[in-house]
Structure formats: C-alpha cells, structure tokens
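*Asks:* Before anything else, here's the structure in question.
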Amino acid sequence: MGEPLRLGIVGTGSISLRGLLPHLTMDDVQDRVNVVAVCDPVLDRARAAADKFGVPAAYPDLESMIRAGGLDAVSIASPIGLHYEQAVLAVDAGLHVHLNKTMTTTVAEADDLIARADQRGVKLVASPGELINPRLQRIKELIAEGAVGKPTWAITGAAFGRYHEEEARVRLGDDPLTNINPAWYFRKPGGGPLYDMTVYGLHALTAVVGPARRVTALSGVRIAEREFRGELLPTDMDDQTMMVIDFGNAFFAYVYGVAAGSPPGLGRPMIFGTQGMINGATLNGEIIDYPGRDIAETYGYTSPLPHVVGDHRTMEEAHVYEDVMQLVDWVRDDIPSVATAGHARHVIEIIEAGYRSAETGQVQELITSFDVEHARRSAVG
C-alpha cells in the first residue's frame, strides 16, 4: 500500500483532456494515485492543462519530465506512432507504464517493449482492457457454455466518420485546450481506423473466442483529404481496410476499419452460431444479465467497471481511467490486470498482418498468442 502512485501523463490531447485528467484528479482517487506532471510538445497546452486540473508541473517532452524525477509511472496518451519510443524511455527509466490504445504499431516494437519491461521489473498495462467489463466476461461464459450452439462466424469493426474533426470540446475552440488539430489520426505511423477504433472490437472478439491464426485483407486510402476548420488534412494512412480472420476450425470473422459507414445495429461483439447470435448486450434478442447490468442500462457500457463509481459513471472515457487504475492496483496491491501487453501484442499482429496481406495479396500466418490457458479453452475450438 503506502503512498499514492505518482503518475505523469504524456500528451495533453483529446484523451487526456476528456478522460485521463478529469478522472484521475477527482478527490476520490487521491489516496491511490496523484497526477504530478504532464508533458506535451505544445507547452502552452501542457501548462493550460496543468492549471485547469491542478497538476503541479508541465514539461515540453517526456525526457524533461523524467529528468525532473518524482514519478513512479506514466500514462502514454500521445499519438499512437509515438507510443513505442516513449514507452521505451519510461521503461528504461524504471517507470511502470500504461499505454493508451494501440500499445505500439508493430509486433517487433511490442516484443522489445515487453522484453525491456521484464528486464527492468516494471509493469505494463495496455488499453483497451475490454475483458475487464462484466458484460464481456458474461458473453465469454455464454459462448463457452454453448448459448449460441457451435459458433460459426463473427463481425466487428468501426468507422472514422468525422468524429475526430468534430470533437467540439477539444477541436473547435480558440485556446490551446480546445483547438487541437486531429491531423495525426490520418497519417503514418499509427493513424487510420484500425489502430484507433477497430482495436476495441479486436480486443473484445479475441478476449471471447481466443487468439487468431491467419489474416487476409484488402486495404487502401479512400478519402485522400479531410477538411478541418478550412484546412485540408492529407490522408497517407489507409482509411479503408477489410479483413477476414481465421480462428481455426473454420471459424472466421469479418473485421473492418473504414472511412465512413457501419452496419446498422451492430453491437460489440456480434457472434453467430448454430443456435442463435450474440449482438452486444443481447442473446437471441433477449437482454443478457450480468453483474452491473442495471448500472450499464442507466449510465452506459463502461459504467460497471470496477473503479467507475459515483461521478466517474457520468464522465467521458471511463474505460481509459479504469485501465490506469488497473496499473495502480497492480503496482500498489500486486493485483495483475487482464489488460495485458501480451493481448495487446496479439491484436497489433492482426492489424499489422492485415496491412501486409493487402500489400502482398497473400494470407498471413500469425505467430503470437496470449494467455495460454485462455487459448487452450477457446470457445470456438
């Protein structure tokens, strides 16, 4: 137990301003975690965020924040393409790390980061921790119990739309906290809907049915430029990807990350079987019961998470706050998280293999897995 975990936040963009900082500076968590510093290359934004949320220090970069000392851990909330190099800096400095999704952009990066963390004896928690949610835990149980018969196929995915360009609270204002340019979401490395949005569905699906084995895909750029406040933002990262994933024994999933448009009524996940289907919160059209269902029906999908209590239930990005608290519990109380770096690495391999398949025109065999016991008891085996 002891003193609260001293946390630094890397990046004061949308996820920090809407999620990490509001939750982690609430009075009810100060006995467990204190945000003691933030950093951002736009120093005015870092300082404004620190002033708004009562954070003692602001820095222009992670190196400066680490040199100043006084940290036990960091949450990395920078553009995805920067996650690896920043996590390496933190791990090599002996800091525990929470990485917002997606952990890295390649399996090689993930392998190196996990190995470094093991060598230094520090802990990694990687968002999104989908299996922390009690609804998904119950769905996993239902599939294993045969609630849909023999699973046959699944679908999950996400679409960009104009979500990032139109986040009014952080994009459309005139001060450093409300005029954040979203250009990185459409650029290499780390942009595109797979790394940014489809990652949730991939974590959820693999948490339920186990690791994937092969991937084939088509991918490209559909919208070459996006308009933001009169400026045209070029798209050089694929914004249209369609994947077919093989989980073994002829159980397949269709997974998409696209520029715009999604099937109506698609929950996370949608799994079909010989005796019905699970779609989000329903089994064959009937509401699935699970611990916290009444809370979820009032406040939303993430509200039954273990640390999402009281006012946290009405705030944005509660799942990201939960993932950080998983790291806090692991460091302070030695309670490991199911939001593991190994699971994140496997999802990263699926994404990376999808892009490689689209480039080569060949099916890609996957080599990573996660949680060996989980894989052994795969519901679709």
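The values are calculated or read from the model by the stated rules, or taken from the named source; none is laboratory data. All values derive from a computational prediction rather than experimental measurement. As a convention, Cβ positions derive from the backbone with ideal geometry for all residues, glycine included, and neighbour counts pool all protein chains shown.
*Asks:* Does Asp31 fit the bill of being within 23 Å of Tyr195 (Cβ to Cβ) and of a type in the set (D, E, K, R)?
*Replies:* So Asp31 fails the test.
*Asks:* If you don't mind, there's one more thing I want to ask. Output the residues belonging to the stretch 1-40 that are part of a loop (DSSP other than H, G, I, E, B) and either more than 12 Å from Ile180 (Cβ to Cβ) or touching a Gly at 6+ places or on another chain (Cβ under 7 Å) (or both).
*Replies:* Met1, Gly2, Glu3, Pro4, Thr25, Met26, Gln30, Asp31, Arg32, Asp40, listed by residue number.
*Asks:* Have a look at Arg67, Arg45 and point out the one that is part of a helix (DSSP H, G or I) and surrounded by 19 or more Cβ atoms within 10 Å (Cβ to Cβ).
*Replies:* Sole residue among the options that is part of a helix (DSSP H, G or I) and surrounded by 19 or more Cβ atoms within 10 Å (Cβ to Cβ): Arg45.
Residue-by-condition table, conditions (1) more than 30 Å from Val221 (Cβ to Cβ); (2) among the hydroxyl-bearing types (Ser, Thr, Tyr); (3) under 16 Å from the mean Cα position of the chain (by Cα):
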| position | (1), (2), (3) |
| --- | --- |
| Pro128 | no, no, yes |
| Leu131 | yes, no, yes |
| Gly146 | yes, no, no |
| Trp153 | no, no, no |
| Leu172 | no, no, no |
| Tyr185 | no, yes, yes |
| Asp196 | no, no, yes |
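*Asks:* Is it fair to say His96 is farther than 28 Å from Arg356 by Cβ and surrounded by 21 or more Cβ atoms within 10 Å (Cβ to Cβ)?
*Replies:* yes
*Asks:* Say whether the condition of being modelled with pLDDT of 95 or more, among the basic types (Lys, Arg) and in contact with a helix residue (DSSP H, G or I) (Cβ under 8 Å, 6 or more places away or on another chain) is met by at least one residue in the stretch 4-25.
*Replies:* Taking every residue of the stretch 4-25 in turn, at least one turns out to be modelled with pLDDT of 95 or more, among the basic types (Lys, Arg) and in contact with a helix residue (DSSP H, G or I) (Cβ under 8 Å, 6 or more places away or on another chain).
*Asks:* Which residues, counting only those in the stretch 204-252, are more than 23 Å from the chain's Cα centre (by Cα) and within 14 Å of Ser369 (Cα to Cα)?
*Replies:* Of everything in the stretch 204-252, just one residue is more than 23 Å from the chain's Cα centre (by Cα) and within 14 Å of Ser369 (Cα to Cα), namely Gly248.
*Asks:* Output yes when any residue across the stretch 271-285 is of a type outside the set (A, V, I, L, M) and under 28 Å from Gly121 (Cβ atoms), and no when none is. Talk me through it step by step, then tell me what you get.
*Replies:* Filtering the stretch 271-285 for residues of a type outside the set (A, V, I, L, M) gives 272-276, 279-280, 282, 284-285.
Of the ones still in play, those that are also under 28 Å from Gly121 (Cβ atoms) are none.
Taking every residue of the stretch 271-285 in turn, none turns out to be of a type outside the set (A, V, I, L, M) and under 28 Å from Gly121 (Cβ atoms).
*Asks:* Would you check if Ala154 is surrounded by 17 or more Cβ atoms within 10 Å (Cβ to Cβ) and in contact with an Asp or Glu (Cβ under 6 Å, 6 or more places away or on another chain)?
*Replies:* Answer is no for this residue.
*Asks:* To continue, here is another question. For the stretch 84-109, how many residues are in contact with an Asp or Glu (Cβ under 8 Å, 6 or more places away or on another chain) and assigned to a helix (DSSP H, G or I)?
*Replies:* Counting residues in the stretch 84-109 that are in contact with an Asp or Glu (Cβ under 8 Å, 6 or more places away or on another chain) and assigned to a helix (DSSP H, G or I) gives 4.
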